[in-house]
1. Identify the single condition in (1) at pLDDT below 90; (2) of a type in the set (D, E); (3) touching an Asp or Glu at 6+ places or on another chain (Cβ under 8 Å) that E114 does not satisfy, given that it satisfies every other one.
2. Which ones in the range 107-142 are in a loop (DSSP other than H, G, I, E, B), over 16 Å from the mean Cα position of the chain (by Cα) and under 30 Å from P3 (Cβ atoms)?
3. Can you say whether P161 is part of a loop (DSSP other than H, G, I, E, B) and either modelled with pLDDT of 85 or more or among the acidic types (D, E) (or both), as far as the supplied structure shows?
4. Spot the failing condition for T32; the list is (1) in contact (Cβ under 8 Å) with a residue 12 or more places away in the chain; (2) over 17 Å from A123 (Cβ atoms); (3) in contact with a Ser or Thr (Cβ under 9 Å, 6 or more places away or on another chain), and only one is missed.
5. Take the range 43-74 and flag every residue that is within 27 Å of P127 (Cβ to Cβ) and crowded, with 16+ Cβ neighbours inside 10 Å.
6. Name the one entry in R66, R55, R44, R104 that is more than 26 Å from V144 (Cα to Cα) and either touching a residue at least 40 places away in the same chain (Cβ under 8 Å) or under 17 Å from the mean Cα position of the chain (by Cα) (or both).
7. Residue pairs, Cβ under 8 Å, 6 or more apart or interchain, first in the range 111-133 and basic (K, R), second surrounded by 14 or more Cβ atoms within 10 Å (Cβ to Cβ). List them.
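The values are calculated or read from the model by the stated rules, or taken from the named source; none is laboratory data. This structure is a prediction, so every number in the text was calculated from the model and none was measured. For neighbour counting, all protein chains shown are included, and Cβ atoms are generated from backbone atoms with ideal geometry for every residue, glycine included.
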Amino acid sequence: MHPQIPAEFAIVGLEGARAYAPYANVEETVLTETLGFDYEGEGRYQLDGSQRRFRWAFERPAGEGRGGAGTVHHIAWATEDDEQLAWQQRITDAGGFVTPVLDRDYFTSIYFREPRGVLFEIATLSPGFATDEDPEHLGEELRVPKMHASLRAQLEQTLEPIVNPRIADTLSVTPSQDP
C-alpha cells in the first residue's frame with residue numbers, strides 16, 4: 001500500500017468476475033472439484049482463500065461476444081511458487097490442457113481454458129515486480145518483459161504518460177485543464 005492512501009480506500013483485491021457462456025446454470029466441476037470453488041447455484045461460485053474471497057459467475061450471453069477495449073483477456077490467480085507444478089498436474093489429471101511453465105520475468109505462469117472457454121492463468125508470487133527497479137519507484141518508468149522487448153518503441157509512442165498529481169508540482173508539470 002502507498003502511504004498517501006488510507007487503508008480503508010486501498011484496493012486489495014477484486015470482488016469477482018463473470019463470464020458469458022451457454023449452459024450458464026449447469027455446475028462446472030472443473031471449478032468445484034479441481035479449483036476448489038463452492039457452487040452456489042444458478043451459475044454462481046465462490047472461492048475462499050486464506051485472506052480473500054472471489055466470486056465467479058456464468059451468465060447467458062445476450063449476443064455474440066467480441067474482443068476489444070474493455071474486455072478481459074484472461075483471469076489470473078496467484079499461487080505460492082512451490083505449488084505451481086502441483087496445480088499444473090491437478091489440471092492435467094482433470095483432463096485439462098495446460099501449458100508448460102512459462103517465464104514472464106516477474107513471475108512464472110501456466111495457462112489453461114476452463115471447459116466453457118475462459119482462459120485462466122496461475123502465476124507465482126515471485127520473483128516480483130521489484131526485480132528490475134527500486135521498490136520505492138515502482139511504476140514510474142515503463143518496464144517491458146523480455147518477451148515483449150521488440151514492442152518497446154511502439155509502446156513508448158502509443159502509451160500516454162500518466163502524471164501523478166501528487167508529484168506534478170515537483171516535476172514542474174501542470175495537469176492539462178479543459179477550456
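1. (1)
2. Within the range 107-142, P127, D132, E133, D134, L138, G139, E140, E141, L142 meet the criteria.
3. Numbers: part of a loop (DSSP other than H, G, I, E, B): yes; either modelled with pLDDT of 85 or more or among the acidic types (D, E) (or both): no.
Spelling it out, it is not the case that P161 is part of a loop (DSSP other than H, G, I, E, B) and either modelled with pLDDT of 85 or more or among the acidic types (D, E) (or both).
4. (3)
5. Passing the criteria: L47, F54.
6. On the way: R66 fails: either touching a residue at least 40 places away in the same chain (Cβ under 8 Å) or under 17 Å from the mean Cα position of the chain (by Cα) (or both); R44 fails: either touching a residue at least 40 places away in the same chain (Cβ under 8 Å) or under 17 Å from the mean Cα position of the chain (by Cα) (or both); R104 fails: more than 26 Å from V144 (Cα to Cα).
R55 is the lone residue from the list that is more than 26 Å from V144 (Cα to Cα) and either touching a residue at least 40 places away in the same chain (Cβ under 8 Å) or under 17 Å from the mean Cα position of the chain (by Cα) (or both).
7. Filtered contacts from the range 111-133: R113/G96; R113/F120; R116/A19; R116/A21; R116/E28; R116/F58.
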